[in-house]
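Q: The following block contains the structure, expressed as structure tokens.
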Amino acid sequence: MLTILDNISLTVRRGSSNAIVGASGSGKSTLLGLLAGLDSPTAGTLQLMGQELTLLDEDGRAAMRSAHVGFVFQSFQLMPHLTALENVMLPLELRGETRGTAADARPAREQALALLEQVGLATRTTHYPGMLSGGEQQRVALARAFVTRPQLLFADEPTGSLDAANGQAVIDLMFEMNRASGATLVLVTHDVDLARRCEQIITLEAGRLAVPASA
């Protein structure tokens with residue numbers, strides 16, 4: 001049996017910013033997936049906000065993520081057939097906040113519009129992902145991640161698909177929005193400068209946890 005992560009033990013403090021770093025294949029994305037409840041460990045325990053995730057089935061973990069977690073992915077993961085506004089509203093729709101009459105859905109729409117304005121895309125709300133640049137798509141993804149007011153934000157190589165200038169702008173925006181929301185941030189990155197902006201650096205070496213250093 002292939003062991004990807006071996007004897008990992010760590011605690012992420014509420015409200016902190018944390019970077020998971022390490023060489024390719026060291027288990028960074030696997031660890032992020034476990035922390036977010038996207039995957040289940042073959043052994044051990046895993047608590048998210050006091051809830052033991054290993055005791056939940058897939059639907060239970062999905063409900064936890066819907067209620068408490070936001071995601072930013074390297075490849076944006078926007079729905080190509082939805083506009084920027086519709087993409088941002090999607091998590092609220094999945095939580096049932098857009099059901100009923102147009103008046104019932106208005107608060108969710110206004111919340112999504114406010115976030116698109118916050119990320120500088122107030123004039124791009126009706127544009128589809130294919131009409132947006134990579135940097136703009138990642139800004140839509142940021143707005144989508146924050147629209148549910150998550151207590152935890154997970155980001156997997158959030159600048160991996162962007163050039164240096166757009167990557168820096170997105171990171172600055174992500175940290176600014178995260179500070180304002182007070183969410184706990186856990187990100188995977190190869191970018192040393194980005195990792196150093198976090199309060200804790202979690203280093204993986206061949207699936208094992210190295211001694212973390214404070215940034």
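The values are calculated or read from the model by the stated rules, or taken from the named source; none is laboratory data. This one's a predicted model, so the numbers in the text were calculated from it and none came from an experiment. Here Cβ is always computed from backbone atoms with ideal geometry, including for glycine, and neighbour counts include all displayed protein chains. With ligands, DNA and RNA removed, areas are computed over all heavy atoms of the protein, side chains included. Shrake-Rupley method; radii C 1.70, N 1.55, O 1.52, S 1.80 Å.
Q: Take the conditions open to solvent by less than 60 Å² (accessible area, probe 1.4 Å) and in contact with a Leu (Cβ under 8 Å, 6 or more places away or on another chain) and apply them to Gln137. Does it pass?
A: yes
Q: While we're on this one: Can you name the number of the only condition in (1) in a loop (DSSP other than H, G, I, E, B); (2) of a type in the set (A, V, I, L, M, F, W, C); (3) within 18 Å of Val186 (Cβ to Cβ); (4) at pLDDT 90 or above that Leu82 fails?
A: (3)
Q: Can you name every residue in segment 19-30 that is out of contact with any Lys or Arg (no Cβ under 9 Å at 6 or more places or on another chain) and buried (at least 22 other Cβ atoms within 10 Å of the Cβ)? Walk me through how you get there before you give the answer.
A: The first filter runs over segment 19-30 and keeps only residues out of contact with any Lys or Arg (no Cβ under 9 Å at 6 or more places or on another chain), leaving 23-25, 28-30.
Across segment 19-30, the qualifying residue is only Lys28.
Q: For Arg179, work out the one condition from (1) open to solvent by 70 Å² or more (accessible area, probe 1.4 Å); (2) more than 17 Å from the chain's Cα centre (by Cα) it doesn't fulfil.
A: The single condition Arg179 does not satisfy is (2).
Q: At pLDDT 90 or above, open to solvent by less than 80 Å² (accessible area, probe 1.4 Å) and in a loop (DSSP other than H, G, I, E, B), is that true of Leu90? Step through it out loud before you land on a result.
A: Values: at pLDDT 90 or above: yes; open to solvent by less than 80 Å² (accessible area, probe 1.4 Å): yes; in a loop (DSSP other than H, G, I, E, B): no.
So Leu90 fails the test.
Q: Of the residues that sit in segment 182-215 and are crowded, with 17+ Cβ neighbours inside 10 Å, at pLDDT 90 or above and small (Gly, Ala, Ser), which one is nearest to Ile4 (Cα to Cα)?
A: So the residue we want is Ala195.
Q: Please go through segment 29-41 and give me each residue that is over 13 Å from Gly207 (Cβ atoms) and either of a type outside the set (Gly, Ala, Ser) or in a helix (DSSP H, G or I) (or both), ordered by number. Walk me through it before giving the result.
A: We begin by selecting, within segment 29-41, every residue over 13 Å from Gly207 (Cβ atoms); these are 32-33, 35-40.
Matches in segment 29-41: Leu32, Gly33, Leu35, Leu38, Asp39.
Q: Let me ask something else about it. Please give the number of the condition Gly37 fails out of (1) closer than 18 Å to Leu185 by Cα; (2) open to solvent by 30 Å² or more (accessible area, probe 1.4 Å).
A: (2)
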